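Working notes for the structure below.
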Amino acid sequence: PADTVRRLKQDKADPDEIAKEVAKLLDMKAQLGADEGKQKFVLKTPKGTRDFGPKEMAIRERAFKAIISCFKRHGAEVIDTPVFELKETLTGKYGEDSKLIYDLKDQGGELLSLRYDLTVPFARYLAMNKITNMKRYHVAKVYRRDNPATTRGRYREFYQCDFDIAGQFDPMIPDAECLKIVHEILSDLQLGDFVIKVNDRRILDGMFAVCGVPDSKFRTICSSVDKLDKVPWEEVRSEMVGEKGLSPEAADRIGDYVQLHGGLDLIERLLQDPKLSQNKLAKEGLGDMKLLFEYLTLFGITGKISFDLSLARGLDYYTGVIFEAVLLQQENEHVEEPVSVGSVAGGGRYDGLVGMFDPKGRKVPCVGVSIGIERIFSILEQRLEASEEKIRTTETQVLVASAQKKLLEERLKLISQLWDAGIKAEMLYKKNPKLLNQLQYCEDTGIPLVAIVGEQELKDGVVKLRIVATREEVNVPRESLVEEIRIRTSQC
């Protein structure tokens, strides 16, 4: 712009012309500035979240149904809690993971955070309502400011499906039931081979003590051990010694233990271990672990259970048994790369958490399990894609159709009767749809039956019921139609 003005001055141009040119240039500049301020609006979901279309939701609902029916089979009640809690409710309950809590801006005098899991809200609920005995399930969304890996089902907003038993009971009976539930759900969902790793926080703490870990380093060393399923021992050892200041001798002694896994035989061997058997905590934990394995034997599921000394589970609130279910591999010929999704369920005993919320510190012992539905879902989704199975996104049982024109009123009367009788029915939103188009709609959406009204059928007081798969047609008396649809769809 300055060059243009200079040139105009040199050419001794008319002052009016100069003013005009300057005005033009200023106008151009203003327009450019306006464009700069208008950033392009990007349509996307926030990082670590996703939308679920009808197809994905149909798969999800199948999984939820299997999980919830298992929880109900075991006699659980259902509860719900707010999606956000007071910040102080969540603070100090998750150890090193606390940095992943989403804090909300203060909007009205209360510091709030989005819930990180469903266990702490459950403990708060028990303490607040002075409940000492409850078996509950809770299926809801939780939030973690984590680095998402969406291909592996790791999100910042995701569902958890929790089952917990609260109350003072004889040792290991509720704990064994939680493991049985994990076994039932993973078997029912047919996700391929899996193993449920089991350990006890007391065995871990006793092991740390006899290996020479200072009390103050228990939790931080615990979180290092927890990485053993993802990284080799050498890396974990160098983190303990290099970053966390543990002596190399103590780290090596831990290494001798954490690489052990097995069943009852290993428990018996450790009960005889000269060092561990001298530690009160470890001895208690091993005694309970032996009892747990006896109950799991009675449930017939020990084939899938592994007592694994490397299992640590990072959360601070566990006090006893801890467990984690891991998928071993994907049995899927269609996918060249096996989908490694790691842990699909986890849980344990947390006897002190409710007491943290109780003004008098009254303890309510609890044990629970959380099913990682997102990871399970990503496997089911990939498997269905590979198998190219057609997924129905509606549950419509019958399409009400007409064979001739001017039968909209009759279709509306009939569909209303079906809806009132609890039948899932649809019709096309056209006055005079072609019969071929109506039949094609059933083929496309997987609707199994068509109820056809025509002039002749109206005279005879019947409805022509067409079975889409076989193209067979039968005349059904109007009053028997509901029953006939129920019988035929129960066989589908």
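Based on protein heavy atoms only, segment 398-491 ends up with 59 Å² per residue of surface accessible to a 1.4 Å probe.
Note on residue 264/residue 216: beta-carbon distance plugged into 1/(1 + (r/R0)^6) with R0 of 51 Å gives a FRET efficiency of 0.90.
Using the beta-carbon distance between residue 128 and residue 284 and R0 = 35 Å, what value does 1/(1 + (r/R0)^6) give for FRET efficiency, to the nearest 0.05? Write out the running numbers ahead of the final one.
Numbers: r = 31 Å, r/R0 = 0.88.
Here the calculated transfer efficiency is 0.70.
Once both labels are positioned 7 Å from their Cα atoms along Cα-to-Cβ, the gap between residue 328 and residue 100 label points is 2.7 nm. The simple spin-label model puts a point 7 Å past each Cα toward its Cβ; for residue 21 and residue 469 those points are separated by 8.3 nm. May I ask for log10 I(q)/I(0) of segment 54-386 at q = 0.08, 0.12, 0.13 Å⁻¹, from a Debye sum over the Cα atoms as equal point scatterers with solvent left out? Cα-only, vacuum Debye calculation for segment 54-386: -0.38, -0.89, -1.05. Summarising the amide proton neighbourhood of residue 345: residues at separation of 5 or more, or on other chains, whose placed amide H is nearer than 5 Å comprise 325, 372.
Look at the Cα gyration tensor of segment 338-408: its axes a ≥ b ≥ c give a/c of at least 1.5 with a/b at or below b/c, and that counts as oblate. With a simple spin-label model that places each label point 7 Å from the Cα along the Cα-to-Cβ direction, the separation between residue 31 and residue 256 comes to 8.2 nm. For segment 255-396, the percent of C-alpha pairs falling in each 10 Å distance bin, counted from 0 to the bin holding the largest distance, reads 9, 29, 29, 20, 10, 3, 0.
One decimal place: the segment residue 233-residue 460 gains 73.7 nm when fully extended, by the rule 0.36 nm per residue minus the C-alpha distance. When peptides 189-196, 301-308, 202-209 are sorted by average Cβ neighbour count within 10 Å, with the highest value leading, the order is 202-209, 301-308, 189-196. On the chain, 51 percent of the accessible area sits on carbon and sulfur atoms, based on a 1.4 Å probe. Net length available on complete extension from residue 424 to residue 147 is 95.5 nm, with 0.36 nm assigned per residue and the Cα-Cα distance removed. Here the sum of -39500 (n - 2.57) over DSSP H runs of 4 or more residues, divided by the residues of the chain, equals -13000 deg cm²/dmol at 222 nm, to the nearest 500. Computed over segment 398-491, the quotient of the alpha carbon radius of gyration and 2.2 N^0.38 Å is 0.96. Report the Cα centroid-to-centroid distance between segment 280-318 and segment 339-417 in angstrom, as an integer. Distance between centres, Cα-based: 30 Å. Per residue, segment 54-386 exposes 45 Å² of accessible surface when a 1.4 Å probe is rolled over the protein heavy atoms with every protein chain present. The distance separating the Cα centre of segment 189-215 from that of segment 111-161 comes to 23 Å.
The values are calculated or read from the model by the stated rules, or taken from the named source; none is laboratory data. What you see is a predicted model, and the numbers here were worked out from it, not measured in a lab. Please note: Cβ atoms are built from the backbone with ideal geometry, for glycine as well, and neighbour counts cover all protein chains shown. SASA here: full protein model, heavy atoms, side chains in, ligands and nucleic acids out. Shrake-Rupley method; radii C 1.70, N 1.55, O 1.52, S 1.80 Å.
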